[in-house]
Amino acid sequence: MSDPSYDLQVALVAALRSAGALPEVVGGRIYDRVPEAAAFPYVSFGPSQVLPDKAGCIDGAEVFVQLDAWSRSKDGFGEVKTIGRAILAALDDQDLEVAGFDVIVFELQGLNYLTDPDGLTRHAAVTFRALIQPAAQ
């Protein structure tokens, strides 16, 4: 099994930066590692997991990836839910082009809206599931 998670991350960033309302809401603030003084709102990569998906002659992977949206808007959950909706519109069940791999399935696994312990920050945790295999030669 080869690990497609980094190539998938690159494709996700490209899709999020080019799609719909997300650029209007967060601009280019999509981070792997969030800078200390990052302006709100923004999107960051959360945990991911890669599991082997071997069947017959396929040497694929099942990948779970979490995208996190962060807001400190005075309207409470409104801004972070707008970002969550834009992430879904850009990614859920979309045809993603991942270098060196074929994406068989890319779908929403779950969406949670949370208030962080600081009481100021609203957080959306959006988890996707992907079935990926090396590109046909």
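Coordinate-derived values only; no laboratory data. Every value quoted in this text rests on a predicted model; they were computed, and no experiment measured them. Cβ coordinates were reconstructed from backbone atoms using ideal geometry, including for glycine residues, and neighbour counts include every protein chain displayed.
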Q | Cleavage-rule hits (trypsin sites (Lys or Arg not before Pro)) in the stretch 3-72: DSSP loop, at most 14 neighbouring Cβ within 10 angstrom | A | Arg33, Arg72
(Q) What's the magnitude of the charge dipole for the chain around its Cα centre, counting Lys and Arg as +1 and Asp and Glu as -1 at the beta-carbon? Answer in Debye, nearest 20. (A) 460
Q.
5 Å is the cut-off here: which amide hydrogens, built 1.01 Å from N in the peptide plane, fall below it relative to Ile104, excluding neighbours closer than 5 in sequence?
A. Leu131, Ile132, Gln133
Q) In whole percent, what relative contact order does the chain give with Cα contacts below 8 Å and a gap of six or more residues? A) 26
Q) Given H placed 1.01 Å from N in the peptide plane, which residues other than close sequence neighbours of Gln109 have an amide H under 5 Å from its amide H? A) Thr127, Phe128, Arg129
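Subtract the Cα-Cα distance of Ala38 and Lys74 from 0.36 nm times their separation in residues, and report this length gain in nm to one decimal.
My answer for the length gained is 11.2 nm.
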Q: Please sort by residue number the GluC sites (Glu not before Pro) in the stretch 46-137 whose DSSP state is loop and whose Cβ has at most 15 other Cβ atoms within 10 Å.
A: Glu97
Q | Fewest-first sequence of Leu16, Leu108, Leu8, Leu51 by Cβ atoms within 10 Å of each Cβ | A | Leu51, Leu108, Leu16, Leu8
(Q) Between 0 and 90 degrees, rounded to the nearest ten: what's the tilt of helix 78-91 against the longest Cα principal axis of the chain? (A) 20
**Q.** Inter-centroid distance (Cα atoms) of the stretch 19-57 relative to the stretch 80-136, Å
**A.** 8
Q | Residues of the stretch 11-41 with amide N under 18 Å of a point placed 7 Å along Cα→Cβ from Ala99 | A | 11-18, 32
Q: Of the options Val126, Leu16, Pro41, report the single residue whose Cα projects farthest towards the positive end of the charge dipole of the chain (beta-carbon charges: Lys, Arg +1; Asp, Glu -1).
A: Pro41
Q: Would you calculate the separation in nanometres between label points at Asp59 and Asp3, each defined as 7 Å from the Cα along the Cα-to-beta-carbon direction?
A: 1.6
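Stokes-Einstein at 10 °C, 1.306 mPa s, Kirkwood radius from Cα pairs: D for the chain in µm² s⁻¹?
103
For the chain, what does the helix formula give at 222 nm: sum of -39500 (n - 2.57) over DSSP H segments with n ≥ 4, over the residue count, nearest 500 deg cm²/dmol?
Counting only the DSSP helices, I get -7500 deg cm²/dmol.
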